[in-house]
Amino acid sequence: MDLHILDHRLRVTSISKTGLVHFTHPLIKLIFLRNRSRCKFLSLTETPENYTVVLDEEGFKELQPSEHLQVEGSTWLTLNVVSNGNASSSSQAVGVTKIAKSVIAPLAEQNVSVFMLSTYQTDFILVREKDLSVVIHTLQEEFNIYREVGGESVPIHQQDTQNGLQKNGKDVVKATVHPVLIPENQFCVMSLDPDTLPAIATTLIDVLFYSNSLKEEPHPSEDIQCVKFFSFSLIDGYISLVMDTEAQRRFPADLLFTSSSGELWRMVRIGGQPLGFDECGIVAQISQPLADSDISAYYISTFSFDHALVPEEDIVTVTDMLLKQRKDPAC
């Protein structure tokens, strides 16, 4: 397999719910006016706590400093695994599961913190720029590694990096097994032709920016265990959306598309309190047992918590697996 270090240098930020009004102008520009910005990587995810915005340096310039904006101090690089052009069999697990053993687990063992962003199209593994040499040393036996430079993929050879492994590769501490919450929402992972984005603009603006205002009275049957989660990504011209079925019903059915099977997903929300960015092995905690059981999963990290989406038909198995892991972290 090939591992590509993409030509994006990213910042991970958080906008408070109360402060969103100060950022609607730049966010609308980044989402809808692509010709007005050179931003090539934008991901916006709403959770109950805040809005996580991951964007490249050009996009980051659009966000003005504010008491409502938190910025993680590191610059992050984007990794993407390509299976040498061979499409995976439909019977194989997809998402973070397929890279759990080859990427996620080895990096956790070397104390490299990762920030995951699964989209409809692919999985992005974000690592801190300062950890790049460690990443290359750790993964070079498993992958042909390339770095995008000016639109070209340039191979990286072992002699190109030196002494990287020693930086993080000592005193590895076993990761904490974090508590998980499994909400009742059903989720969809979908995409959209960028040319049809204007056709859903008003609905998307309403869902993204007004979902917390003018609250409707809750329906008597509404499950209090449902959580607010909506993710929009516009990366290198490709759009990915993750939303629950309630939000999906607000969009025109003929514009959003998903896989032919139209599967529904359930969420595993990781963390009893905000996770922070320095702990290693959080993604591995979830992805490793899923990989062992060949269960597909999308994985979306946010500023405060992590989220894995697994097929609805597997949620009982996953719940039992994670409860067992919580009781016996060694298993």
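Quick note: the coordinates plus some simple rules give every number you see, no bench work behind them. This one's a predicted model, so the numbers in the text were calculated from it and none came from an experiment. Please note: Cβ atoms are built from the backbone with ideal geometry, for glycine as well, and neighbour counts cover all protein chains shown.
Simple spin-label estimate for Val316 and Lys130 gives 4.8 nm between the two label positions (7 Å along the Cα-to-Cβ direction from each Cα).
Sorted fewest first by neighbouring Cβ atoms within 10 angstrom, Met321, Met267, Met243 come out as Met321, Met243, Met267.
Helix by helix through the chain, keep the DSSP H runs that span 24 Å or more along the axis on Cα and average at least -1.0 on Kyte-Doolittle, and give those back in order.
Numbers: long enough: none.
Answer set is empty.
Relative intensity of the stretch 232-331 on a log10 scale, I(q)/I(0) at q = 0.15, 0.17, 0.18 Å⁻¹, equals -0.74, -0.92, -1.01, per a Debye sum over C-alpha point scatterers of equal strength in the absence of solvent.
Cβ-to-Cβ counts within 10 Å put Arg34, Arg128 in ascending order as Arg34, Arg128, the fewest first.
Fewest first, what order do His157, His4, His137, His307 take by the number of other Cβ atoms within 10 Å? Numbers along the way, then the final one.
On the way: His157 9, His4 17, His137 20, His307 26.
Exposure proxy ranking, most exposed first: His157, His4, His137, His307.
In this calculation the C-beta distance from Arg38 to Ser211 is compared with R0 = 25 Å, giving a FRET efficiency of 0.30. The stretch between Val94 and Gln121, if pulled fully straight at 0.36 nm per residue, gains 8.6 nm over its current Cα-Cα span.
Over the stretch 284-331, the reciprocal of the mean inverse Cα-Cα separation, the Kirkwood hydrodynamic radius, stands at 11.3 Å.
Run the helix sum for the chain: -39,500 (n - 2.57) per DSSP H stretch of 4+ residues, divided by residue count, reported at 222 nm to the nearest 500 deg cm²/dmol.
Numbers: 9 runs with 67 residues, N = 331.
Value at 222 nm, helices only: -5000 deg cm²/dmol.
Less than 5 angstrom separates the built amide H of Arg147 from those of Ile5, Val154, Ile156, all sequence-distant by 5 or more or on a different chain. Gain on full extension, evaluated as 0.36 nm per residue between Asp294 and Glu184 minus their Cα-Cα distance, stands at 37.3 nm.
Seen from all sides and averaged, what is the projected area of the convex hull of the Cα atoms in the chain, in nm²? Write down the numbers at each step before the final one.
On the way: hull surface 70.0 nm².
Averaging across all directions leaves 17.5 nm² for the Cα convex hull.
What residues from the stretch 114-138 fall in the zone where the backbone N is under 11 Å from a label point 7 Å along the Cα-to-C-beta line of Asp236? Residues 122-124 qualify, since their backbone N sits under 11 Å from the label point. Hydrodynamic radius of the stretch 1-91 by the Kirkwood approach over all distinct alpha-carbon pairs: 14.7 Å.
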